[in-house]
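> Take a look at this one; I'll ask things after.
The values are calculated or read from the model by the stated rules, or taken from the named source; none is laboratory data. Note that this is a predicted model, so its numbers are computed, not measured. Every residue, glycine as well, gets a Cβ built from its backbone with ideal geometry; the counts of neighbours run over all protein chains shown. Ligands, DNA and RNA are stripped out before the accessible areas are found, and what is left, the full protein with its side chains, is counted by its heavy atoms. Shrake-Rupley method; radii C 1.70, N 1.55, O 1.52, S 1.80 Å.
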Amino acid sequence: MNYTTLNTLIQQYTENYETSFVANIPVFVQQAEQRIFNNVQFPSLRRNVTGTTTGSNKYLSCPNDFLASYSMAVIDGDGNYEYLLNKDVNFIRQAYPNPGPANNGLPKFYALFGPTVAGATVTNELSFILGPTPDASYTIELHYYYYPESISVAASGTSWLGDNFDSVLLYGALVEAYAYMKGDAETMGAYNQKYTEALALAKRLGDGMERQDAYRSGQYRQAVT
């Protein structure tokens, strides 16, 4: 389902073609996407980037669209990957209380530190703290969660969710649209029920089938009653 089709269906389902309502359809869609993305961990929500540490600098900036970390690895001079353990800031401060040339080395741990500070300005972006403090420049590979571009603003008018699970997107947007309209409780309940059913199927895919290890746990099986 592309955005043009989604937009048309929202108007047809709600039988609302008012200018102000139509103008707010992108908002309804984006709110629905955010709800879905925070309920189901689709692989399409993960992104991979690489960065570089600076010797004697324990901090590392997060990507601008960072939401949460999935994994972080440091790559040494021989190309070997060493995955860092995600800890609290207080653990790293306690474990490495005296950063310096004698105590620095290949990082083993990382924690989400807080906003990045540029000079005297606190930005909206986050940063990591590493432990121990890097003793040299290392390549860092970060897998992290982010919000994909909304189908409502994508140049192609498509998205992974629209292409692969359009039912949850449609009913999620209808719930948001009907709340805007202050619609009757019966119809709102029907839309919520359809959204809940579609979300359950989406979770079966995103949190079940796409996240299991078939070699260890076998193929996906569902009890039949």
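> Per the Kirkwood definition applied to all pairs of different Cα atoms, how many angstroms is the hydrodynamic radius of the chain?
Details: mean 1/r = 0.0486 Å⁻¹.
Value: 20.6 Å, from the Cα pair sum.
> How about segment 24-65: which trypsin sites (Lys or Arg not before Pro) there are in a DSSP loop, with at most 15 other Cβ atoms within 10 Å of their Cβ? Kindly include the intermediate steps, with their values, before the conclusion.
Numbers: sites: Arg35, Arg46, Arg47, Lys58; in loops: Lys58.
Of the trypsin sites (Lys or Arg not before Pro), not one in the loops of segment 24-65 has a Cβ with at most 15 other Cβ atoms within 10 Å.
> Still on this structure, I have one more. Can you pull the percent of the chain's accessible area that's carbon plus sulfur, 1.4 Å probe, other chains left in place?
Working: 6260 of 12930 Å².
After summing per-atom areas, the C and S share lands at 48 percent.
> Follow-up question, since we're still on this one. Please compute the length gained on full extension between Tyr59 and Ala95, using 0.36 nm multiplied by the number of residues separating them and subtracting their Cα-Cα distance.
Numbers: separation 36, 0.36 × 36 = 12.96 nm, distance 1.58 nm.
My answer for the length gained is 11.4 nm.
> How far is helix 185-203 tilted, in degrees, relative to the longest principal axis of the Cα atoms in the chain, given as a value from 0 to 90 rounded to the nearest 10?
Computed tilt is about 40 degrees.
> By the gyration tensor of its Cα atoms, with a ≥ b ≥ c the square roots of the eigenvalues, what is the shape of segment 6-102: rounded for a/c under 1.5, prolate for a/b over b/c, or oblate?
Working: a/c = 3.69, a/b = 3.09, b/c = 1.19.
The shape class here is prolate.
> Using Cα positions and a limit of under 22 Å, work out the lysines in reach of Lys203, with same-chain residues fewer than 8 apart set aside.
Lys194
> Measure out, as a whole number of angstrom, how far apart the alpha-carbon centroids of segment 29-68 and segment 98-169 sit.
Here the answer is 5 Å between Cα centres.
> Which of the lysines could a cross-linker span from Lys108 if the Cα-Cα distance has to be under 23 Å and same-chain partners fewer than 8 positions apart are dropped?
Lys58, Lys87
> Within segment 127-212, which trypsin sites (Lys or Arg not before Pro) sit in a loop by DSSP and count at most 15 neighbouring Cβ atoms inside 10 Å?
Lys182, Arg211
> Okay, next question. To the nearest 20 Debye, how big is the dipole of segment 77-199 about its Cα centre, given +1 on the beta carbon of each Lys and Arg and -1 on that of each Asp and Glu? Don't skip to the answer; put the middle values down first.
Numbers: 5 positive and 13 negative charges, 91 e Å.
Charge dipole of segment 77-199: 440 debye, to the nearest 20.
> Over the chain, with the other protein chains present, what is the accessible area per residue in square angstrom, probe 1.4 angstrom?
Numbers: 12930 Å² over 225 residues.
Averaged over the residues of the chain, the accessible area is 57 Å².
> Further question on the same structure: Return the FRET efficiency for the residue pair Ser167, Tyr147: r is the Cβ-Cβ distance, R0 is 22 Å, and the value is rounded to the nearest 0.05.
That gives a FRET efficiency of 0.65.
> Test of understanding: given the chain, find the longest segment containing no GluC sites (Glu not before Pro) that are in a DSSP loop and have at most 15 other Cβ atoms within 10 Å. Please report the intermediate quantities before stating the final value.
Working: sites that count: Glu15, Glu18, Glu149, Glu210.
Value returned for the longest uninterrupted segment is 19-148.
> What is the extension gain from Asp78 to Leu201, computed as 0.36 nm multiplied by their sequence separation minus the C-alpha to C-alpha distance, in nm to one decimal? Spell out each step's value before the answer.
Values: separation 123, 0.36 × 123 = 44.28 nm, distance 4.41 nm.
That works out to 39.9 nm of additional length.
> Tell me the label-point distance for the pair Ala185, Ser156, using the 7 Å Cα-to-Cβ offset, in nm and rounded to one decimal.
The modelled label-to-label distance comes out at 4.4 nm.
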